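The values are calculated or read from the model by the stated rules, or taken from the named source; none is laboratory data. Everything quoted here is computed from the prediction, not taken from an experiment. Heads up, the Cβs are rebuilt from the backbone with ideal geometry, glycines too, and the neighbour counts pull from every protein chain shown.
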Amino acid sequence: MRELIKQYLDRGISRRNFLSGLGTIGLSSVAANSMARSLAPFMAEADDAAANGSPAWMRKVRGTGGALLAAQLKAAGIEYIFVNPSSGQAPFFDALVDEPGMHLINGLQEGALAAMADGFAKASGKTPFILIARPGLPNCMTQMYNSWKDRIPMVVATDLGGIDGLGQDGFEEIEHMGEMAQPITKWHWMSERTEKIPEVTRRALKFASTQPCGPVFISYPSNTLSEVAEAEVMEQSKFSVPMKIRPDQASVEKAARMLLEAKNPLLYVGDEIAWCRGEKEVLELAELLGLPVTEAPGSLGWSRPFPTRNPLYLGDFQKEMRYPGKVDVMLNLGSRMPYAGSRSKVSADVKLIQVRMDPDNLARVYPTELSMVADMKLAAADLVAAIRSMATESRLRQVRDARLAKTREFTSKMRQFRQSIARERWDQSPISAERLGMELESVLEKDTCFVAEIDSGRVMEQLIQFGGDDKQYFSNSGRALGWGLPASFGVKLAQPDRPVVAVIGDGAFLFSGPQPLWSFARYRVPVTLMVLNNRSYNNERNRIWYTGGRQFKTGRDMVCYLGDPDIDFAKMAASFGVDGEALQDPSAIRPALERAKRANIEGRPYLLDVHMGRRGIGADSTWHPEFSVEALRQRKV
């Protein structure tokens, strides 16, 4: 319907054809005529613009800088603005009072707003706009960092003091604010004049959304938002840069030949496949040649673009792959390569083919036989076509079937092994990660959006199926804690008709603070929020103690134990108007998940405080350094 309306407003179709088109998609004649009447003012506005010599996609607007900003965001198709209030932004909020098509999403802390926007962008493919109070930029940057690492587009904006007072160490003033954000932004700018606000905003959206994507920071001095001016507002589509780039045909043919002739190839997949919506094409490529598939280790990706249920899926890439053993050709489609450090994780004798949307990180560390900058969907489709043109179906079957049989045997054994471990730990109390993973897999709908911020959750995730027709996975590779809770809000905003479940470690939950729960309650966001409560930064302790230092030798955990006091996350949620409960017995998991599902169906968020067992080195210890400020006071009395 949106495209039909656009054609009508652009004079691409007549009123009769517009009404006919509305009828085709199911609207009654009464409803269709009513819609046409509602669009009449916009048609008249377009006629006025044409009479003044302006194209339909551009119009002159006179108003405050805040009104100009609102008009340009509307012309860019922005529906949601992630905000927290600042008095200097009052003209912008005034402009939205009579603008029902744009909605303010209010958060209580700037980092949460950026994480909300990140989740929204990942789930929608759209570029979000965030407007924050200027002292909150450092807060916002904690989560902008995650978006920068994942190459996720967003525009972060703030007001400043008046232009005449800049440089005077005024109220809430920070000199060179844009430079503060420079290392994690593609571009930063200050709009110095009111009439420049639409132009600067268009440019910020353009830079953020052009591959490789990333955050952009802009600032509007408060006087530019309050002063009145006239400026041209234009559709953002006139400034978009399509990045559906086909790979070079000669390179595609060379890569196809290398894959056909390979004795032991490996397909390595990453987030750019998810961003380009190329999952089906990549699956077809893998199945065409029976390619074993691996992905970046857990800390390097935010998506699961290949169906984990597929027998070709091996899981995380390892330096020494138990299967398929020594690789001769490795095809990287859209992923960061494994961290090399001082010792390469990929042998130099592996013929490496890399296809990325990010030229900065293409062939950055590893010697690469063949590099291509291309859209993942188009690259995979072109590789399939080239391979089919070079080999008969008989030869393809010969290459594929033997390889697929061996890979299926391996992945089937690994799946059975994980299931057997899970059964052994089924009744453990506190609850085991394996039990929780299997319960989630059996209860969650296949179209669930699964939002994960769990450093120690890989064991659980291996028992849940993602990708393809299964659940969609969202995480972040920056690993700045505090992302998961607000990000699940953004995912649900982008996918309101799909179930959303967030699984968050207790440490990560506490980093975001409980305050995002206020936004869940305010906007009635029906998400199931699961806090994995093991009263510890569990994996961080394991990594620290693995060095065999003094903590390991004495059994004293100096920094990672989160008990004493124990935190009741369900009571915390209740204080924000979010229902929830604590789970300690493994048999309570399934009934609690069903209660959460019912609450979500009724339009309410629901929090589960899941008491989990700690794992690894020093897991049983509850020791922590004793220190009391009260004792200091008593000592001085």
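Here is how the numbers come out for the structure above:
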item: Filter result for residue 592 (free of Cβ contacts under 8 Å to residues at least 60 places away in the same chain and either in contact with a strand residue (DSSP E or B) (Cβ under 7 Å, 6 or more places away or on another chain) or surrounded by 18 or more Cβ atoms within 10 Å (Cβ to Cβ) (or both)); result: yes
item: Some residue of segment 151-162 being assigned to a helix (DSSP H, G or I) and touching a residue at least 40 places away in the same chain (Cβ under 8 Å); result: no
item: Check on residue 590, part of a helix (DSSP H, G or I) and in contact with an Asp or Glu (Cβ under 8 Å, 6 or more places away or on another chain); result: yes
item: Subset of segment 504-521 [farther than 20 Å from residue 558 by Cα and assigned to a helix (DSSP H, G or I)]; result: 509, 512, 516, 517, 518, 519, 520, 521
item: Pairs with Cβ under 6 Å, 6+ apart, first in segment 522-535 and assigned by TED's automatic domain parsing to the domain that holds residue 578 and part of a loop (DSSP other than H, G, I, E, B), second at pLDDT below 95 and among the basic types (Lys, Arg); result: 534/614
item: Count - residues of segment 89-138 that are small (Gly, Ala, Ser) and crowded, with 24+ Cβ neighbours inside 10 Å; result: 8
item: Residue match in segment 215-234 (condition: under 30 Å from residue 466 (Cα atoms) and at pLDDT 95 or above); result: yes
item: Boolean, residue 489 is within 27 Å of residue 432 (Cβ to Cβ), among the aromatic types (Phe, Trp, Tyr) and in a helix (DSSP H, G or I); result: no
item: Hits in segment 5-39 (condition: at pLDDT 70 or above, aliphatic (A, V, I, L, M) and assigned to a helix (DSSP H, G or I)); result: 5, 19, 22, 31, 32, 35, 36
item: Filter result (part of a helix (DSSP H, G or I) and hydroxyl-bearing (Ser, Thr, Tyr)) within segment 429-455; result: 442
item: Residue count, segment 415-428 (criterion: assigned to a helix (DSSP H, G or I) and touching a residue at least 60 places away in the same chain (Cβ under 8 Å)); result: 0
item: Flag if residue 163 is closer than 23 Å to residue 231 by Cα and in contact with a helix residue (DSSP H, G or I) (Cβ under 6 Å, 6 or more places away or on another chain); result: yes
item: Cβ-Cβ under 6 Å pairs, at least 6 apart or on other chains, segment 49-61 side farther than 20 Å from residue 239 by Cα and of a type in the set (Ser, Thr, Tyr), far side at pLDDT 95 or above and part of a strand (DSSP E or B); result: none
item: Lone unmet requirement of (1) assigned to a loop (DSSP other than H, G, I, E, B); (2) in contact with a Cys (Cβ under 9 Å, 6 or more places away or on another chain); (3) not hydrophobic (A, V, I, L, M, F, W, C) for residue 540; result: (1)
item: Strands (runs of 3 or more DSSP E) (entirely within segment 210-274) containing at least 2 residues that are in contact with a helix residue (DSSP H, G or I) (Cβ under 9 Å, 6 or more places away or on another chain) and either of a type in the set (Asp, Glu) or in the same structural domain as residue 310 (by TED's automatic domain parsing) (or both); result: 228-234, 265-269
item: Pair list, Cβ < 6 Å and 6+ apart or interchain, from segment 447-466 residues that are assigned by TED's automatic domain parsing to the domain that holds residue 539 and in contact (Cβ under 8 Å) with a residue 40 or more places away in the chain to residues that are aromatic (Phe, Trp, Tyr) and part of a loop (DSSP other than H, G, I, E, B); result: 453/483
item: Hey, residue 174 in a loop (DSSP other than H, G, I, E, B), β-branched (Val, Ile, Thr) and either surrounded by fewer than 20 Cβ atoms within 10 Å (Cβ to Cβ) or in contact with a Cys (Cβ under 6 Å, 6 or more places away or on another chain) (or both) or not; result: yes
item: Test: residue in segment 542-553 that is among the basic types (Lys, Arg), more than 22 Å from residue 455 (Cα to Cα), modelled with pLDDT of 95 or more and assigned by TED's automatic domain parsing to the domain that holds residue 451; result: no
item: Criterion violated by residue 505 - all others in (1) crowded, with 22+ Cβ neighbours inside 10 Å; (2) under 17 Å from the mean Cα position of the chain (by Cα); (3) farther than 17 Å from residue 119 by Cα satisfied; result: (2)
item: Residue under evaluation residue 557, criteria (1) at pLDDT 90 or above; (2) charged (D, E, K, R); (3) part of a helix (DSSP H, G or I), criterion not met; result: (3)
item: Among residues of segment 329-360, those that are under 29 Å from residue 210 (Cβ atoms) and more than 27 Å from the chain's Cα centre (by Cα), counted; result: 1
item: Candidates 520, 552, 576, filtered to the one that is more than 26 Å from the chain's Cα centre (by Cα) and surrounded by 16 or more Cβ atoms within 10 Å (Cβ to Cβ); result: 552
item: Among (1) surrounded by fewer than 22 Cβ atoms within 10 Å (Cβ to Cβ); (2) assigned to a helix (DSSP H, G or I), the one test that residue 169 misses; result: (2)
item: Answer residue from segment 322-339, given it is under 16 Å from residue 301 (Cα atoms) and aliphatic (A, V, I, L, M) and is modelled with the highest pLDDT among those; result: 333
item: Among residues of segment 74-88, those that are of a type outside the set (Phe, Trp, Tyr) and modelled with pLDDT of 95 or more, counted; result: 8
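Residues are listed down the side, and each one gets a yes or a no for (1) acidic (Asp, Glu); (2) assigned by TED's automatic domain parsing to the domain that holds residue 520; (3) at negative phi; (4) not in a strand (DSSP E or B):
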| position | (1), (2), (3), (4) |
| --- | --- |
| 62 | no, no, yes, no |
| 67 | no, no, yes, yes |
| 73 | no, no, yes, yes |
| 82 | no, no, yes, no |
| 91 | no, no, yes, yes |
| 94 | yes, no, yes, yes |
| 98 | yes, no, yes, yes |
| 101 | no, no, yes, yes |
| 105 | no, no, yes, no |
